[in-house]
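Undergrad: Here it is, the structure in full.
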Amino acid sequence: MKVAVLGSNGQLANDVVRAFADNGDDVLPLTHADIEIADRESVANKLRELQPGIIVNTVAMHHVENCELQPEKAFAINALGARNLAVVARELGAVLMHVSTDYVFDGSKGSPYEEEDPPRPLSVYGNTKLAGEYFVRSTLDKHFVLRTSAIYGKNPCRAKGGLNFIQLMLKLARERGEVRVVDSEFVTPTATPELARQMVVLSRCESYGLYHATAEGSCSWYEFAREIFTLTNTKVNLKVAGPNEFPAKVPRPRYSVLENRALKSHGLNMFEPWEVGLRKYLQQEAEISREVQ
Ligand SMILES: NC(=O)c1ccc[n+]([C@@H]2O[C@H](COP(=O)([O-])OP(=O)(O)OC[C@H]3O[C@@H](n4cnc5c(N)ncnc54)[C@H](OP(=O)(O)O)[C@@H]3O)[C@@H](O)[C@H]2O)c1
């Protein structure tokens, strides 16, 4: 199967490319230099040339503060970009697998969100991602829309740059000895190799639709940090940050835990508890640093 992966040098797509290649697929990695998803002509020309059977869209403008400052640009990429892909996928008879976010919810539910729960985004980012979902779902039958949460991987996130949360915690612990983290925001940290593996499995079935796709369980950012330090035997003074210590410039859902209800109902859920994904990530990082030494 020819699989076009958009945003191929991004955090998630790096593992998506590997997972489809390991599955024996003919992977066509596409970076921003190869295709501009906000531009209909660019999308049509590139995909008509490549004729993929599956199009995987990991592209997003997802720096939430930048989205507030540039809402038109965020809409052009997150919403119209998704529509451009869906229109061309329909023309080619291809499947579109589109990645979305837990930020389509406002976080007021207080228990894990299922696919049927009404979305209510709090930010430009969440609104434009939700619009992208609707464009895909209303344009193309052969779609998978996957909402995920708090992803981390070996490759850095291009939009946010620098370090992922795990690397940041370990760096702060090394440099300061004391780390303060909020315990009032709940997510499910999801390792990108686990999500990529799930995407390959889902792409082989015809149960098209909307899916929540995160690791199992949930934690606050404080609990995530505590597990990182426990698993790495890091000696650090970890404290709960005060309610106004890190004021958010843009409102974020305080509770955006997702339940993989649709995956489970199709017998397709491959996710393990988030702690397992974290342990595997840390083991892999430790192996790499041993090889480098
Ligand atoms: N990070 C999270 O915690 C999180 C949580 C939930 C959902 N998600 C979703 O997961 C997906 C993947 O996130 P990620 O962390 O892997 O992102 P990432 O590392 O920032 O990668 C995004 C990729 O998209 C490319 N791109 C940006 N604008 C583009 C455009 N207009 N046309 C074509 N390509 C463009 C980027 O290339 P350049 O950098 O060269 O522009 C980059 O390769 C996104 O859809 C995001 O909404 C992320």
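The values are calculated or read from the model by the stated rules, or taken from the named source; none is laboratory data. Computed from a predicted model, the values in this text were never measured in an experiment. Note that we place each Cβ from the backbone using ideal geometry, even for glycine, and neighbour counts take in every protein chain shown. Each accessible area value is taken on the protein alone, full model and side chains, heavy atoms only, with ligands, DNA and RNA left out. Shrake-Rupley method; radii C 1.70, N 1.55, O 1.52, S 1.80 Å.
Undergrad: Go through segment 47-67 and give me each residue that's more than 10 Å from the ligand (Cβ to nearest atom), surrounded by 15 or more Cβ atoms within 10 Å (Cβ to Cβ) and not hydrophobic (A, V, I, L, M, F, W, C).
TA: 52, 53, 66
Undergrad: Return only the number of the condition from (1) more than 9 Å from the ligand (Cβ to nearest atom); (2) outside any loop (DSSP other than H, G, I, E, B) that residue 118 does not satisfy.
TA: (2)
Undergrad: Identify, by number, the condition in (1) more than 12 Å from the ligand (Cβ to nearest atom); (2) open to solvent by 40 Å² or more (accessible area, probe 1.4 Å); (3) closer than 25 Å to residue 11 by Cα; (4) of a type outside the set (Asp, Glu) that residue 113 doesn't meet.
TA: Against the list (1) more than 12 Å from the ligand (Cβ to nearest atom); (2) open to solvent by 40 Å² or more (accessible area, probe 1.4 Å); (3) closer than 25 Å to residue 11 by Cα; (4) of a type outside the set (Asp, Glu), residue 113 comes up short only on (2).
Undergrad: Further question: Among the residues of segment 135-171, what is the count of those that are free of Cβ contacts under 8 Å to residues at least 24 places away in the same chain and not basic (Lys, Arg)?
TA: Taking segment 135-171 first, the residues free of Cβ contacts under 8 Å to residues at least 24 places away in the same chain are 138, 161-163, 167-168, 171.
Then drop every residue that is not not basic (Lys, Arg), which leaves 138, 161-163, 167-168.
Total meeting the criteria: 6.
Undergrad: For segment 8-30, enumerate the residues that are out of contact with any strand residue (DSSP E or B) (no Cβ under 6 Å at 6 or more places or on another chain) and more than 6 Å from the ligand (Cβ to nearest atom).
TA: Result: 14, 15, 18, 19, 22, 23, 24.
Undergrad: Condition first: more than 7 Å from the ligand (Cβ to nearest atom) and either surrounded by fewer than 22 Cβ atoms within 10 Å (Cβ to Cβ) or under 19 Å from residue 149 (Cβ atoms) (or both). Now tell me which residues in segment 34-46 satisfy that. If you could, list the steps in order and put the result at the bottom.
TA: First, pick out the residues of segment 34-46 that are more than 7 Å from the ligand (Cβ to nearest atom): 34, 39-46.
Across segment 34-46, the qualifying residues are 34, 39, 40, 41, 42, 44, 45, 46.
Undergrad: Okay, moving on. Do any helices (runs of 4 or more DSSP H) lying entirely in segment 178-291 carry at least 3 residues that are open to solvent by less than 70 Å² (accessible area, probe 1.4 Å) and more than 29 Å from residue 139 (Cβ to Cβ), and which ones are they?
TA: Working: elements: 192-203, 221-231, 261-265.
So the answer is 221-231.
Undergrad: From the set of residues in segment 167-179 that are touching a strand residue (DSSP E or B) at 6+ places or on another chain (Cβ under 8 Å) and among the aliphatic types (A, V, I, L, M), which is nearest to the ligand (Cβ to nearest atom)?
TA: If we filter segment 167-179 for residues that are touching a strand residue (DSSP E or B) at 6+ places or on another chain (Cβ under 8 Å), which is where we start, we get 169, 172-173, 177-179.
With among the aliphatic types (A, V, I, L, M) added as a condition, the list becomes 169, 172-173, 179.
Working: 169: 15, 172: 19, 173: 21, 179: 20 Å.
Applying the filter and picking the extreme gives 169.
Undergrad: Taking residue 124, is it within 10 Å of the ligand (Cβ to nearest atom), farther than 13 Å from residue 253 by Cβ and modelled with pLDDT of 95 or more? Before you say what the answer is, go through the steps one by one.
TA: Numbers: within 10 Å of the ligand (Cβ to nearest atom): no; farther than 13 Å from residue 253 by Cβ: yes; modelled with pLDDT of 95 or more: yes.
No; evaluated as a whole, the condition is false for this residue.
Undergrad: Give segment 129-166 a look and list any residue that's over 23 Å from residue 73 (Cα atoms) and away from the ligand (no atom under 14 Å from the Cβ), or say none.
TA: Listed by number, the residues that qualify are 140, 141, 142, 143.
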